[in-house]
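Scroll down for the structure; my scribbles are underneath it.
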Amino acid sequence: MIELTHSPIDTSALLAQVQSNQAGAAVLFLGVTREFTDGRQTVALDYQCYPEMASRKLESLEKTAHAQWDLIACAMIHRLGRVELGEASVAIAVSSAHREAAFEAGKWLIDQLKQEVPIWKKENWADGTSEWVHPGLAPAEKEVRQDD
């Protein structure tokens with residue numbers, strides 16, 4: 001299950017989607033907005049994407065995870081728009097018969113999502129500045145600007 005949403009992520013519902021009587025393990029990863037990044041205070045994050053491209057890439061990652069690990073189920077949700085401090089911006093849930101596959105697949109999925117899925121994040125700093133970031137961008141490609 002793949003979803004892009006502007007609504008808060010319901011982690012209980014996501015975890016329930018991957019649970020099964022055949023699963024001995026269910027792993028849930030949450031990426032949450034933190035207050036400090038590299039010593040700078042964050043007030044909120046904003047996420048944007050081209051939904052069709054991002055959804056296709058998420059679906060591809062899900063298929064690859066199923067091919068690499070013996071998973072029972074996999075679900076990924078990413079927030080778009082404004083995400084406040086303490087709120088989840090991304091959630092990944094996987095289930096498998098044994099914990100090793102669930103942990104490995106969950107870690108691989110978030111690492112690949114951050115590198116490959118065209119979702120852009122804007123850090124909004126307490127000093128009024130903002131910065132669009134994407135892990136795949138070189139530092140020279142990052143844009144820092146003062147918001148109006």
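The values are calculated or read from the model by the stated rules, or taken from the named source; none is laboratory data. None of these values were measured; they are calculated from a predicted model. Because the Cβ atoms are built from the backbone with ideal geometry, glycine has one as well, and the counts that use them run over all protein chains shown.
Among the residues making up region 42-94, those that are of a type in the set (Val, Ile, Thr) and farther than 19 Å from residue 16 by Cα are 42, 43, 64, 83. Residues being more than 9 Å from the chain's Cα centre (by Cα), of a type in the set (Val, Ile, Thr) and within 19 Å of residue 6 (Cβ to Cβ): count how many of those fall in region 76-118. Within region 76-118, residues that are more than 9 Å from the chain's Cα centre (by Cα), of a type in the set (Val, Ile, Thr) and within 19 Å of residue 6 (Cβ to Cβ) number 2.
Only one entry in 11, 37, 42 is within 15 Å of residue 77 (Cα to Cα) and not aromatic (Phe, Trp, Tyr), namely 11.
If you check residue 75 against the conditions, is it on the phi < 0 side of the Ramachandran plot, in a helix (DSSP H, G or I), of a type in the set (A, V, I, L, M) and out of contact with any Ser or Thr (no Cβ under 6 Å at 6 or more places or on another chain)? Answer is no for this residue. The requirement of being farther than 18 Å from residue 33 by Cα and at pLDDT below 95 is fulfilled nowhere in region 77-97; no residue meets it.
Considered as a group, the residues in region 121-130 that are of a type outside the set (S, T, N, Q) and buried (at least 16 other Cβ atoms within 10 Å of the Cβ) include one that is nearest to the chain's Cα centre (by Cα), and that residue is 121. On inspection, residue 11 qualifies as among the β-branched types (Val, Ile, Thr) and out of contact with any Lys or Arg (no Cβ under 9 Å at 6 or more places or on another chain).
The residue pairs whose first member lies in region 116-129 and is at positive phi, whose second member is assigned to a strand (DSSP E or B) and among the aliphatic types (A, V, I, L, M), and whose beta carbons are closer than 9 Å, counting only pairs six or more residues apart or on different chains, do not exist in this structure.
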